[in-house]
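This is the structure I want to talk about, given as structure tokens.
Every read-out reported here was derived from the displayed coordinates using simple, explicitly stated rules and does not represent laboratory data. Please read all numbers here as calculations on a predicted model, not as lab measurements. Cβ: placed from backbone, ideal geometry, glycine included. Neighbour counts: every protein chain shown.
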Amino acid sequence: MQRKDIHKPVGGLNTDDDPSILPPEDYTDALNMRITSSSEQHGVGVAETLQSEIEVLLDTAMGCLYYYGSAIGGQFVYEGYEEVQIGTQVWMKRNWDVNFPGSKVYDNDEDNREVYGGLYNWYQINQDNFVPDGWHVPTEAEINTLLTYVGGVLIAGGKLKEFGLDHWLTPNTDGGDNFGFKALPGGKYDSVFNLLTEAGLFWLADEHAPLNPTSIYIETALISEPFYLYIEGTQDVIINWGDGSAEEVVTLVGMGSVYVEHSFVGASTIEIKNTEGITSIISETEDNMTSCIIPPTCISIEHIEIGDCPDMGSFETHKEWANLNYLYLFYCGLSSLDTYAEWVLLETLTVNDNPLTNIELHPEWVNLYRLSLGSTQLTSITLPVEYVNLNTLILSNTPITSLEIPKEYVSLSWLSLNTSDLASLIVPAECVFIGLILASATHLTTFEAHSEWTFLSDLNLRYCNISSATDINNILIALDAIPGGGPLNSITLNDGTNAAPTGAGIIAKNSLIGKGITVTTN
């Protein structure tokens, strides 16, 4: 989620929306780009520094066009790309479609790039090489000139939209393409792709103080208590607390983890400067952080820890964080999270208590030690066999129905699946270091234990549906066969529709109890 005063929200998804009262979650990360070169500015001139942005919306339902923000100007050299002249201005005839590093194409389908162009975020449009010489990200002043020329804001959308329903969703009201601008509904990417064929959104440059692309920005809610952070790094940082107080120099070199505190009255946007050397940032402000932007330039970042901030709603990650070792985003309202194969040093990934429905686990994470995805909305998960160092796997309170642990997980020690929708679970005999299997209050109908689990301490299958006495018997017999009993402490198989042991199962149960192990069955 970006700052509302700098990274502007979409200007209304329907023409009866008032951009000034849009909900705070209605933000965008990746938008189309239409670039311009004014015919009045042909000839050699100074290069403009791209600053901030607003979004322009061309809506499918009405002929209106909404935009806002103030603007600056600049002079440019015209290079002669495919163009259309409208009044005194020259515009590209199509959305900018360069495959700029880090940019996206709708649904990751390159066929969409040819039609709708690419999708870009704020960091990308601010790069010096983003647009070709002679072209630039248009300002609001320039869009105002365009809108005025084609008849004003109330009808400009229709005048600029492509005619017909080849690319616009019906009804494409007033879409006439009267000036050859041929605006297309390329949609956006904001954690997920949406609005293709429904809306065209375009970045504009404006005169607001820009986000520094190398700074960390943290937005806080209305708070009266102190704001806490722990920061660690290889170079000192400067913090602007955004409340009018003096900037604070924080010495990090040689200091280890530095505790930083500041008291606010009301909301604020914090900027941390000189962040290239930051290796760790930990939030200690429950419920008070609404946004955190850590740029891709933080290439030294190893440890990110943010918890109990449900109003965040989104968190942008970057493949450039190649040193990332620990990512903890607990209860942050995340419905999606981008992950990258480049995080080859990742050891801990914790995203518990978020409404995540999908997350990509990369086989390149061969150092992964702890994977915690509990209390998410994941319905399935594919575990890469390369995670031979995985020690802890937490999938409790999820709608996952089936899980098979790869036999390569010889280091797995802690498996937590309590209160999930799990109906099938396979933990192979090769997982010799398994210490805890917690799968109570699940829908398991069968389970196989192994005498090779010589490090098993606790097995909890309470409130399950293992209705076969044979299955219960086999569990007890296998665990009784563990050489010397191992560190086994507790076996819980009671309640739910679990069967009671019979015959050889009762004998094994008594043998286990005789070894000092607590065994609870129906």
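Distance in nm between label sites at Ser257 and Ser411, each 7 Å beyond Cα in the beta-carbon direction?
About 2.2 nm, to one decimal.
Quick one: length gained pulling Val366 to Glu248 fully straight, 0.36 nm per residue minus the C-alpha distance?
Here the answer is 38.5 nm.
Under 5 Å between amide hydrogens, which residues at least 5 positions from Thr139 or on another chain qualify, with H placed 1.01 Å from N in the peptide plane?
Those lying under 5 Å, H to H, from Thr139 are Ala205.
Please check which bits of region 346-382 a label hung off Phe455 would reach, taking the label as a point 7 Å along Cα-to-C-beta and the cut-off as backbone N under 17 Å.
What the label zone holds, given the 17 Å backbone N cut-off, is 367-371.
If you don't mind, there's one more thing I want to ask. Counting other Cβ atoms within 10 Å, which chymotrypsin sites (Phe, Trp or Tyr not before Pro) in region 423-522 have at most 16 and lie in a DSSP loop?
The qualifying sites are Phe433, Phe455.
Still on this structure, I have one more. What are the ³J(HN,Hα) values, in whole Hz, obtained from phi via the Karplus relation 6.51 cos²θ - 1.76 cosθ + 1.60 with θ = phi - 60°, for each residue of region 350-359 in sequence order, with x given for Gly and Pro?
10, 9, 4, 6, 10, x, 5, 10, 7, 8
Taking a 26 Å limit on the Cα-Cα distance, which of the listed pairs Lys104/Lys273; Lys93/Lys159; Lys159/Lys188; Lys93/Lys319 fall beyond it?
Lys104/Lys273; Lys93/Lys319
Next question. By per-residue mean of other Cβ atoms within 10 Å, what is the highest-first order of 256-262, 361-367?
Put in order of decreasing packing, that is 361-367, 256-262.
Glu82 to Asp111: extension gain in nm, 0.36 nm per residue of separation minus the Cα-Cα distance?
8.5 nm
Loop only per DSSP, at most 11 neighbouring Cβ atoms within 10 Å: give me the GluC sites (Glu not before Pro) in region 416-522, ordered by residue number.
Counting only loop positions with at most 11 other Cβ atoms within 10 Å, none of the GluC sites (Glu not before Pro) in region 416-522 qualifies.
Now for a separate question. So if we plug the beta-carbon distance of Thr379 and Asn489 into 1/(1 + (r/R0)^6) with R0 = 41 Å, what FRET efficiency do we get, rounded to 0.05?
It comes out at approximately 0.80.
Along the Cα→Cβ direction, 7 angstrom out, place labels at Thr173 and Thr470. What is the inter-label distance in nm?
In this crude spin-label approximation the distance works out to 6.8 nm.
Here is a follow-up. By average Cβ neighbour count within 10 Å, what is the ranking of 100-110, 244-254 from highest down?
Answer by packing, highest mean first, reads 100-110, 244-254.
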